[in-house]
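The next block holds one structure in the form of C-alpha cells; read it before the comments.
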Amino acid sequence: MFGGWRPEALRADTGQDAWLRYAPLETAAKAKYASLPASVVVLGHSPVLRTAQEEMIRGVRGMMAKTLRAEKGVAERAIVLGTLAAMHAAGYSLKAPKLEGDGFWLTTGQIQGIDCLIVASTSDLGVLYGVFALLSKIARDQTFSSLDEVQQPYALIRWVEQWDNLNGTIERGYAGPSIFFENGDVRADLRRVGQYARLLASIGVNGCTINNVNADPRIIDDSFLPQLARIANEFRPWGVRLAVSVDLSSPKVIGGLDSFDPVDPRVIEWWRAKVSKIYQQIPDFGGFVVKADSEGRPGPSSYGRTPADAATVIARALKPHGGLLLYRAFAYDHHLDWRNPKNDRARAAYDIFHPLDGQFDDNVIIQIKYGPIDFQAREPVSPLLGRLERTNEGIELQITQEYTGQQRHLCFLPTMWKEILDFDLHVSGNKTPVKDLVAGKVFHRPTGALVGVANVGLDANWLGHPLAMANLYGFGRLAWDPNLSGEAVAEEWTRLAFGNDPLVVKTITDMQRASWYVYESYTGPLGAQTLTDILGSHYGPGIESSERNGWGQWHRADHDGIGMDRTVATGTGYTGQYPPAIQNRYESVRATPDELLLFFHHVPYTYLLHSGKTVIQHIYDSHYDGAEEAADFVRQWKSLQHHVDEERYAAVLARLEYQAGHAIVWRDAICNWFFRTSGIRDAKGRVDHHPHRIEAETMQLQGYGSIEVHPWENASGGEGIECVTPSGCTATLRFDRPAGWYEIDVQYFDQNNGESKFRVFVGNQQVDEWIANDHFPATKPSGDSSTRRRIPGLALRPGDEIRVQGIPDGEEHAPLDYIEVRASPAER
Ligand code: GCV
C-alpha cells in the first residue's frame, strides 16, 4: 500500500460539501472522541435551534458513524444546546462568561449533577455558530477535554454579495450559472441555496445580497417579491438574512413616477411603501445595497443631489423594520481626461464621501472597496477607511478572483486581506488598524461591516477551482475574527476540506500561503496594479489597455519610466487623503515600500529599489521567479498523489499545470513589453531569448498562414498561425539536437467559439492528440486564450520530423503560437 494511505482522504469528493464534509475520522481520532455523550438536548423550538440540533447529529454521524439521540431535557450525559436565558429558565446553574450578540461559549460542566458538553449563546444563531465550531474541532482532530472557550464576532455585519443577474448569468462569476435565478425568475429548484446558506452560517456569515449591484429594477417589483420570499425561506433556518441590490431609478422604472429625485415626496413615499411590502413577505429582510453614479448607473447626481440625500430616503424606509442600507463608495467618473496629470480616479471615493461624513443615518453603512481602485492584486488601503468618523463604514473584499486569476490561478486571498485588515492607518496619531475601523470600534459606531463578493455558481464545487473555496472560508473566518493569521485560516480549511494527513496539511497550507505573492509577482509589479486587459475580461495580460482612456487605471509607462505620481508635492495630491503618518510614508519616494512604489510615484526604470535592484530588473526577475514558483506548485501538488481523492487530485493538477503555462504567457508579455518600451536588457539575458522555442510562423507550413496577435506582446514574436482549411493544416520542423528524452510544449490558443483538434506526430507516429475545448474568456488568439499542451517523455533522434496538425472548428482556426522542445527534466 502507499505510505500514508488514508481511506477517508481518498473518498471521491465533488466539493459540494466544501469544508463541511464530516468525513469519517481515523481510528485514533475516533477513539479520542469516544466519550462524547450519546444524546443532544436542545432548549427551544426556533428553526435555527432545530438546525443546530440536526447539524450536530449530522456531523457526529458523518465523522463517527453514531447517531446522537435528540432529547428535550438532560437525563443522561448530553451535548446541551441553548441560549443562556433558556438554560437559566430550565434551572441550570452555570457561571457564564459575558456574551454578546451571536457570540458563543463552548464548555464542559455539570448540569443537574450530570457531566455535559455545553454550547451556549445569548442568541439562537450564536448556538448554531457554536455547534459548527464544535464540529470543526472534531473534524480537525482538536482536543477538547477541558473545553472552555468564548468566541465573539468582531463585526456585526458579515455579509456576502453575489453579482447574479436575473437571467442566470453572474457578473465576474467563474463557476457556472446562478444558484438563485434563471431566465428572469428565481429558480424552481433552490436546493443549492439552502446548501449555500449552510456553508455561510458555518463561518458566521449572517447576510447575503443575491443580485448584481448593477441591479435590475425588477428585483423589487411587487410581482417578484413572492419569489424573493422563497429564497429567504431557504436562508432563514441558517440565520442568513436576505438582502438585495437596488437601482436608484426604481421609482421611475418600475414605480411609474416621472422622477427618482430622492427628495421628491412622491419618491420618498414610494420607497416607504415598497419597503413595507417587502417586510410583509420577508419579516427578517436584511436590507439593500446601492451602487449609484458609478460606471453608468443612475444616481442622485441626475438631480443635483448627494449620496447622503439618496441614502437617507432609502434608509428611512428601512429603519422601522430594522433594515440596513449598504451604500457603496465605489463611485467614480469613468470618462476622466487621461491627458491631465492631476486627474486621479483613486481620489474619487474620498472626494465624494468624506465631505458627507455625519450626514448618513445610523442604519446606513458606507461600503468601501479595500483599495482606491478596484480589487487589484495589490493596492494601498483606501484612505476613506480612516476618514469617516461620524458615519458607519464597512470594507468590501472580493472572494471571486476577478483580477486575481479567475479561479484558474491559485490565489489565496486571506493573505492579502490580513495585510489590509491589520494595516494601521494611524488615525489621529493612534493605533487604528483597518479591522477596528470597519468593525466600528474606533469611532464607537453602532455597526460596521465586512462584505465579501463571492459569486459562487452552480458548479458542484461552488467556485470552480477546488482550492478556491479557501477564499470563501477565509473571508468568513476573518470577518468573524480578523486576528486569526492567514496561516491558521489556510490550515483550518485544509484540514476540513482534505483531512488531517500531515503531508496534505503542510503542502496545501504552504501552497495557499505563497499563492498570492506568486500571482502578484507575474501579473503586476511594484504596485502598478494587475496589468490585465481592463477593458474586457480582466484575465490575461493587457498592459496598455489601462492607458490613455477615461477609466483611470493608468500606470503611465513610457520609454523612460513608469508609475503614477500621486504625491501632494508634484502629483495628483492623493497621498494627502491619508492621515499624516501614512501621508508622509507615501509622499516620500524613499519611504514608500517597494511593493507600492509605482502606485504613488513615477520613477525611471533605472531607479534603485530598497531591494538593491533597479525597477526594470525587478520587473524581469519577479516575472521569471513567479513563473518558476507557479511551476513548482505542480511539483508540490504531485507529492499528494494517493493522499487526496483522485477527483480533486486530477482537477487541481489540471488547473495548476494550466497556471504554470499561463504564468509564462504573463511573464513573456510583460517582460517583452517593458524590454521593447524601455530598451533596457535583462541583466540575466533571459528576456526575448528562448533557445528551445520555435515560433510556429517559422515552421514549415502546409495550409497554415501567419496572423498578427493584438496586442503584440500576447503572442511570442507578436504572431501566430491559423488554419482555415476545414480538413486541417500542418506545421513541421526537423529536430536537430542529440538523441535523448525530451518534452514538447505546444503553445496554442483555445477560444470559446470553436473546438479545434490537434495532433502531434514524430515521423509517422502520432504521439498525442487533444481537443481545444476549454472555456477561456476569448473569441480570438490572445493572452486570455493562450494555453499549452505538454507532451512528456519523447525519445527524439536527430533528423526526426515533428509535425503539429490542426483541424479548425467554428470560428476557432486551430491557432498555434510556438512549440518548445526541451530535454526531459531527468536529463537536464
Ligand atoms: C459589478 C468592477 C467590475 C464590475 C463591477 C464593478 C463594481 O468594475 O469589473 O464588473 O460591477 O467593479 O464593483 O461595481
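The values are calculated or read from the model by the stated rules, or taken from the named source; none is laboratory data. Keep in mind the model is a prediction, meaning the values are calculated, not measured. Cβ sites come from the backbone with ideal geometry, for glycine too, and all protein chains shown count toward neighbours. Side chains are part of the model used for accessible areas, which takes the heavy atoms of the whole protein and leaves out ligands, DNA and RNA. Shrake-Rupley method; radii C 1.70, N 1.55, O 1.52, S 1.80 Å.
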Residue within the stretch 466-481 that is of a type in the set (S, T, N, Q) and more than 18 Å from Val160 (Cβ to Cβ) present: no
Residue pairs within 8 Å by beta carbon, gap of at least six or interchain, first lying in the stretch 694-713 and over 18 Å from His813 (Cα atoms) and open to solvent by less than 30 Å² (accessible area, probe 1.4 Å), second assigned to a helix (DSSP H, G or I) and small (Gly, Ala, Ser), listed first then second, are Glu713/Ala669
Which of the residues belonging to the stretch 229-266 are among the basic types (Lys, Arg) and more than 30 Å from Tyr196 (Cα to Cα)? Lys252, Arg266
Could you give every pair whose Cβ atoms fall below 7 Å, whose first residue belongs to the stretch 371-383 and is touching a residue at least 40 places away in the same chain (Cβ under 8 Å), and whose second residue is polar (S, T, N, Q) and more than 14 Å from the ligand (Cβ to nearest atom), counting only separations of at least 6 or pairs across chains? Ala377/Thr523; Pro383/Gln577
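For (1) modelled with pLDDT of 95 or more; (2) among the charged types (D, E, K, R), each residue gets a yes or a no:
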| position | (1), (2) |
| --- | --- |
| Gln53 | yes, no |
| Met63 | yes, no |
| Lys66 | yes, yes |
| Arg69 | yes, yes |
| Glu76 | yes, yes |
| Gly82 | yes, no |
| Ala96 | no, no |
Among the listed residues Ala449, Ala439, Ala460, identify the single one that is within 16 Å of the ligand (Cβ to nearest atom), over 15 Å from the mean Cα position of the chain (by Cα) and of a type in the set (A, V, I, L, M). Ala449
Please work out if Ser302 is out of contact with any strand residue (DSSP E or B) (no Cβ under 7 Å at 6 or more places or on another chain), away from the ligand (no atom under 16 Å from the Cβ) and open to solvent by less than 70 Å² (accessible area, probe 1.4 Å). no
The stretch 18-59, subset among the charged types (D, E, K, R) and either under 22 Å from Gly126 (Cα atoms) or touching a residue at least 60 places away in the same chain (Cβ under 8 Å) (or both), residue most open to solvent (accessible area, probe 1.4 Å): Arg50
Looking only at the stretch 361-386, and only at residues there that are hydrophobic (A, V, I, L, M, F, W, C), within 16 Å of the ligand (Cβ to nearest atom) and part of a loop (DSSP other than H, G, I, E, B), the one that is farthest from His465 (Cα to Cα): Ile373
Within the stretch 750-778, can you find the residues that are open to solvent by 20 Å² or more (accessible area, probe 1.4 Å), among the polar types (S, T, N, Q) and within 19 Å of Pro726 (Cβ to Cβ)? Asn753, Asn773
Give me the pairs, please: first residue somewhere in the stretch 137-150 and under 18 Å from Gly62 (Cβ atoms), second residue anywhere and outside any helix (DSSP H, G or I) and not hydroxyl-bearing (Ser, Thr, Tyr), beta-carbon distance under 6 Å, and either six or more positions apart or on two chains. Lys137/Phe144; Asp141/Asn500
Given the options Ala311, Ala377, Ala315, name the one that is out of contact with any His (no Cβ under 6 Å at 6 or more places or on another chain), surrounded by 21 or more Cβ atoms within 10 Å (Cβ to Cβ) and within 22 Å of Trp554 (Cα to Cα). Ala377
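Yes/no per residue for (1) under 20 Å from Ala449 (Cβ atoms); (2) away from the ligand (no atom under 16 Å from the Cβ); (3) at pLDDT 95 or above:
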position	(1), (2), (3)
Thr312	yes, yes, yes
Phe330	yes, no, yes
Asp333	no, no, no
Arg345	no, no, yes
Ile352	yes, no, yes
Pro355	no, yes, yes
Leu388	yes, yes, yes
Looking across the stretch 459-484 at residues that are part of a loop (DSSP other than H, G, I, E, B) and among the polar types (S, T, N, Q), the single one that is least open to solvent (accessible area, probe 1.4 Å) is Asn461
Hey, among Arg759, Arg790, which residue is over 18 Å from Asn714 (Cα atoms), touching a helix residue (DSSP H, G or I) at 6+ places or on another chain (Cβ under 8 Å), at pLDDT 95 or above and part of a strand (DSSP E or B)? Arg790
Looking only at the stretch 791-817, count how many residues are exposed (fewer than 14 other Cβ atoms within 10 Å of the Cβ) and within 25 Å of Arg734 (Cβ to Cβ). 7
Which one is farthest from the ligand (Cβ to nearest atom) among residues in the stretch 168-188 that are more than 28 Å from Arg655 (Cβ to Cβ) and open to solvent by 40 Å² or more (accessible area, probe 1.4 Å)? Ala188
For the stretch 154-167: of the residues being within 12 Å of the ligand (Cβ to nearest atom) and assigned to a loop (DSSP other than H, G, I, E, B), which is most open to solvent (accessible area, probe 1.4 Å)? Asn165
Restricting to the stretch 509-561, give me the number of residues that are of a type in the set (Gly, Ala, Ser), touching a residue at least 60 places away in the same chain (Cβ under 8 Å) and buried (at least 21 other Cβ atoms within 10 Å of the Cβ). 9
Filter result for Gly286 (more than 16 Å from the ligand (Cβ to nearest atom), open to solvent by less than 70 Å² (accessible area, probe 1.4 Å) and in contact with a strand residue (DSSP E or B) (Cβ under 6 Å, 6 or more places away or on another chain)): yes
Within the stretch 390-416, considering residues that are closer than 22 Å to Arg655 by Cβ and not in a loop (DSSP other than H, G, I, E, B), the one farthest from the ligand (Cβ to nearest atom): Thr415
Extreme residue, nearest to the ligand (Cβ to nearest atom), among residues of the stretch 195-210 that are open to solvent by 10 Å² or more (accessible area, probe 1.4 Å) and not charged (D, E, K, R): Asn206
Members of the stretch 211-244 found to be touching a helix residue (DSSP H, G or I) at 6+ places or on another chain (Cβ under 7 Å), within 16 Å of the ligand (Cβ to nearest atom) and assigned to a helix (DSSP H, G or I), listed by number: Pro217
Tell me which residues, restricted to the stretch 438-457, are within 15 Å of Glu389 (Cβ to Cβ) and either open to solvent by less than 10 Å² (accessible area, probe 1.4 Å) or in contact with a Pro (Cβ under 7 Å, 6 or more places away or on another chain) (or both). Val438, Gly440, Gly448
Flag if Glu487 is surrounded by fewer than 21 Cβ atoms within 10 Å (Cβ to Cβ) and in a helix (DSSP H, G or I): yes
Determine, yes or no, whether Gly386 is among the small types (Gly, Ala, Ser) and surrounded by fewer than 24 Cβ atoms within 10 Å (Cβ to Cβ). no
State whether the residues of the stretch 756-773 include one that is touching a His at 6+ places or on another chain (Cβ under 9 Å) and under 25 Å from Gly405 (Cβ atoms). yes
